[in-house]
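Comments concern the structure below.
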Amino acid sequence: MARKASLSGFPEWLPQERAVEQHVMDTLRRIFELHGFANIETRAVETVGQLLRKGEIDKEVYGLSRLAAEESAKNDPNALALHFDLTVPFARYVVENAGHLPFPFRRYQMQKVWRGERPQDGRFREFTQADIDVVGDSELPFRYDVELALVIAEALSALPIGDFRLRVNNRKLAEGFYLGLGLEDTAGVLRSIDKLEKIGAAKVAEALKNELGATDEQAAAALALASICTADTSFVQQVRALGVTHPLLEEGLDELSQVIEAAVRRAPGKVVADLSIARGLDYYTGTVYETVLVGHESLGSICSGGRYESLASTGKKNYPGVGLSIGVTRLVSRMLAEETATAARTVPSAVLVTLANDDSWNEAQDVAAALRARGIACEVAAKAEKFGKQIKYADKRGIPFVWFTAEDGTHEVKDIRSGEQTTADPASWMPADADLSNLVTAARP
């Protein structure tokens, strides 16, 4: 069970918990790199003007200043603040390094971010995100929207998190439908639909009518669209059965169909067309994604993102892209709370090299050096206590093997789990692959 942080919203993991977090990040890194995404890291701070350029809420941004500073930096656009996501820093990074990047640029990024919101289940003030994006120079083929859904489905399937659903929609589909209904404020309708799971259909309909001037029929049609959810392309017929037409709607239907067709073939059961997904942020222009853990939907989305036609712009050039962000800390906190994954031991060490007497420490270090040279993590006992105490020390830390060296220079290694003890040579002995590293495994159902 994950412990509560002593400072609310700033989690600190025990070593075995940290091993689970590292396993998640190592798995994501492996999958992302297998698909050709290059790793970058951006600085932790940006200027306040850069962070707030798209209207983000400044009360969630942590400012950075010296304790001795006399004046507030709130109104200074050049003051520094900690980044609250990885997208804004990435936009700046692309613009500043465009001349050195190969486009389309495929990047993944895993870093801590900071956000001053009220801590609660799955929400933190300091947390780790893992982002992947593909960004183009002036244009970006739609095929990348399809590819990213498949990459994320593969990455999440490799983690011990249980079942999940990657829910996909398309803003063109939704906006075209609203325009076909006669609702011109499509951004406003999307923001209302985005609240559907939080406030329910009745209150969304009320907001559409009172705030956006929708008729009863228009509000009902918008909610009917949002109710469509399929694991195949049958959503197309269901949308057309609502009797609304618009060129933008047809474009969105075609794009979403491409994503779902590929998912049915390569990630069956993991990706669904869910037309309630709106993603209220205005900069999304096409495909939008949200991901939930089946049975833990109240946790919210563990991975979300979408297509944007302008990640950044220099005035002369535009950089469209598509990307998703995985909430690593949110995901790990639930894995620890539900004990869906556990580390084999609390330390990396696979072997404890014992001391027969205090004069044998240097010889024990020679053994350890020979083991480490072949990638076997080990530690040397600090005191020549009775072997029973040294074995108990290893057992407490989860170290599976204990090494003994006799006075005549021969060696034996004991698997303290089975009690089996055999002769061994520090220049050639190897543990089983499962014991070589601190293995993280999924809990049995």
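The values are calculated or read from the model by the stated rules, or taken from the named source; none is laboratory data. Remember, it's a predicted structure, so these values are computed and weren't measured experimentally. Every residue, glycine among them, receives a Cβ derived from its backbone with ideal geometry; neighbour counts consider all protein chains shown. With ligands, DNA and RNA removed, areas are computed over all heavy atoms of the protein, side chains included. Shrake-Rupley method; radii C 1.70, N 1.55, O 1.52, S 1.80 Å.
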(request) Report, ordered by chain and residue number, the lysines lying within cross-link reach of K383, taken as a straight Cα distance under 27 Å and ignoring same-chain residues fewer than 8 apart. (result) K392, K396, K414
(message) Need the list of aspartates and glutamates near K203 for cross-linking: C-alpha distance under 17 angstrom, and skip anything on the same chain fewer than eight residues off.
(response) D194, E211, D216, E217
(request) Could you calculate the FRET efficiency of A241 with D366 from 1/(1 + (r/R0)^6), where r is the beta carbon distance between them and R0 is 60 Å, rounded to 0.05? (result) 0.20
(request) Go through the range 310-326 residue by residue and turn each phi into a ³J(HN,Hα) via Karplus (6.51, -1.76, 1.60, θ = phi - 60°); whole Hz please, and just put x for glycine and proline. (result) 8, 4, 7, 8, 9, x, 9, 10, 10, 10, x, x, 9, x, 9, 10, 9
(message) So, taking all protein chains as they sit and a 1.4 Å probe, how much accessible area belongs to F32, in Å² rounded to tens?
(response) 0 Å²
(message) Please compute the volume of the convex hull spanned by the alpha-carbon atoms of the chain and report it per residue in Å³.
(response) 196 Å³
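Probe radius 1.4 Å, ligands and nucleic acids ignored: give me the carbon and sulfur share of the accessible area of the chain as a rounded percent. Walk me through the intermediate numbers first.
Numbers: 10800 of 21990 Å².
Reported share for carbon and sulfur atoms: 49 percent.
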(request) Taking H placed 1.01 Å from N in the peptide plane, check which residues at least 5 places from V271 or on another chain put their amide H under 5 Å from its amide H. (result) L166
(request) Sort out for me the Cα centre separation of the range 398-428 from the range 233-275, rounded to whole Å. (result) 61 Å
(request) May I ask you to work out the translational diffusion coefficient for the range 65-194 at 25 °C, viscosity 0.890 mPa s, via Stokes-Einstein with Rh from the Kirkwood sum over Cα pairs, reported in whole µm²/s? (result) 130 µm²/s
(message) For the chain, set up a GNM with springs between Cα atoms under 10 Å and report which of S418, S310, S192 has the largest fluctuation.
(response) S418
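Given a Förster distance of 56 angstrom, what is the FRET efficiency for A427 paired with S6, based on the Cβ-Cβ distance and rounded to 0.05? Intermediate values should be presented prior to the final figure.
Numbers: r = 46 Å, r/R0 = 0.83.
Once rounded, the FRET efficiency stands at 0.75.
Calculate, for R374 and V95, the FRET efficiency according to 1/(1 + (r/R0)^6) with r their C-beta to C-beta distance and R0 51 Å; round to the nearest 0.05. Please report the intermediate quantities before stating the final value.
Values: r = 46 Å, r/R0 = 0.91.
Working from the Cβ atoms, E equals 0.65.
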(message) Report the gain in length on full extension from E338 to E117: 0.36 nm times residue separation, minus Cα-Cα distance, nm rounded to one decimal.
(response) 77.1 nm
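Any number yet on Rg/Rh for the range 269-337, C-alpha, Kirkwood? Don't jump to the answer; show the numbers that get you there.
Numbers: Rg = 14.7 Å, Rh = 13.8 Å.
Ratio of gyration radius to Kirkwood radius: 1.07.
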(message) Out of all DSSP beta bridges in the chain, what portion is antiparallel? Express it as a percent rounded to 5.
(response) 85 percent
(message) Can you tell me which of D185, D282, D425 moves the most in a GNM of the chain? Springs connect C-alpha atoms under 10 Å apart.
(response) D425
(message) Checking the a/c ratio against 1.5 first, then a/b against b/c, what shape does the Cα gyration tensor give for the range 341-396?
(response) oblate
(message) Quick check for you: with a 1.4 Å probe and neighbouring chains kept, what is the accessible area per residue of the chain, in Å²?
(response) 49 Å²
(request) Rounded to the nearest 500, what is the 222 nm mean residue ellipticity of the chain from helices alone, with -39500 (n - 2.57) per DSSP H run of 4+ residues and division by all residues? (result) -11000 deg cm²/dmol
(request) Check the straight Cα-Cα distances from K317 and name the lysines below 28 Å, setting aside those fewer than 8 residues away within the same chain. (result) K54, K172
(request) Quick one: which residues, 5 or more positions from V353 or on another chain, have an amide H under 5 Å from its amide H? H modelled 1.01 Å from N in the peptide plane, none for Pro or chain starts. (result) E379, V380, A381, W403
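Loop only by DSSP, 10 or fewer other Cβ within 10 Å of the Cβ. Give me the trypsin sites (Lys or Arg not before Pro) in the range 225-330 that pass, ordered by residue number.
Details: sites: R240, R265, R266, K270, R279, R307, K316, K317, R330; in loops: K270, R279, K316, K317.
Listed in order of number, the matching sites are K316.
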